[in-house]
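Trainee: Just passing along the structure, written as structure tokens.
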Amino acid sequence: MIPAIVLAAGRSSRMGRTKATLPVGGGDTFLSRIVRTFLAAGVDDVVVVVGHDAEAIVNSFTESGLRARFVVNSDYDQGQLSSLVAGLTVVDRPGVTAALVTLVDVPLVSAGTVRAVLDCYRRTRAPSVRPTSGARHGHPLLFDRSLFDALRAADPDAGAKPIVRAHASAGGDIDIADEGAFTDIDTDEEYQRITNGGRGRSSVDEGSR
């Protein structure tokens, strides 16, 4: 079993409003688009970590009719790693071999990319798998279960970045042409660009966020 964790607990301070509930086309919000994509890729268990504005996010998502589990990270102000650990606490159980992780900031990734990450892991058993395009690293990331304890014990100030980089490998870095995997929408300017048919911020090292 390989569940997915969506990190949606932050304050969205650069956006100025809650990203998870913003429309992104086709009747979806950022969050419902991500969950829909995971489900379309065959991921049966999607866990969404919420914190700031949690009730509004859950209520908005409920309207989609999609299925996902929610966990509230009351310590979300301690940083993104605290939300990842909260998600791991929920998904880690016997039979789980790895976990997919993505940010609510990256709603445009395709189901094909998710399947490619899963296929790469099943083929190589690389401890971490991430989409790449040149120097860019995107989402979703996949962590083998052997890294869960290291993530739990990581320095909150450094986050997951050192672990991702320490376990990156040629086998786990997969070349992906999907721009959605690298499009991080953090600001209203980037959001307006996306809704007008452009692109958000294309990240150089999204896998280390």
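The values are calculated or read from the model by the stated rules, or taken from the named source; none is laboratory data. Being a predicted model, the structure only gives us computed values, none of them experimental. Every residue, glycine as well, gets a Cβ built from its backbone with ideal geometry; the counts of neighbours run over all protein chains shown. Quick note on the areas: whole protein, heavy atoms, side chains included, nothing else; ligands and nucleic acids left out. Shrake-Rupley method; radii C 1.70, N 1.55, O 1.52, S 1.80 Å.
Trainee: What does the accessible area per residue of the chain come to in Å², with a 1.4 Å probe and no ligands, DNA or RNA counted?
Mentor: Accessible area per residue, the chain: 42 Å².
Trainee: Distances longer than 20 Å among the Cα atoms of the stretch 80-209: what percent of all pairs is that?
Mentor: Here the long-distance tail beyond 20 Å is 44 percent of all Cα pairs in the stretch 80-209.
Trainee: Moving on. Run the dipole for the chain about the Cα centre, Lys and Arg Cβ at +1, Asp and Glu Cβ at -1, nothing else charged, and hand back the magnitude in debye, nearest 20.
Mentor: Using only the charged Cβ atoms, the result is roughly 400 debye.
Trainee: Quick one: work out Rg over Rh on the C-alpha atoms of the stretch 140-201, Rh as Kirkwood radius.
Mentor: With Rg and the Kirkwood Rh in hand, the quotient comes to 1.09.
Trainee: Quick one: ranking Arg125, Arg115 by accessible area, 1.4 Å probe, largest first, what do you get?
Mentor: Most to least solvent-accessible, the answer reads Arg125, Arg115.
Trainee: Sort Glu63, Glu55, Glu190 by heavy-atom solvent-accessible area, probe 1.4 angstrom, most to least.
Mentor: The most accessible residue leads, giving Glu63, Glu55, Glu190.
Trainee: Turning to a different aspect of this structure: Round to a whole number: what % of the accessible area of the chain belongs to carbon and sulfur, probe 1.4 Å?
Mentor: 49
Trainee: Ok, one more. Starting from the residue with the highest accessible area, list Met15, Met1 in decreasing order, probe 1.4 Å.
Mentor: Highest to lowest solvent-accessible surface, that is Met1, Met15.
Trainee: When only C-alpha pairs under 8 Å and at least 6 residues apart count, what is the relative contact order of the chain, in percent?
Mentor: For the chain, the relative contact order is 23 percent.
Trainee: Now a separate question. May I ask for the distance between the Cα centers of the stretch 25-74 and the stretch 157-188, given as a whole number of Å?
Mentor: So the two Cα centres are separated by 21 Å.
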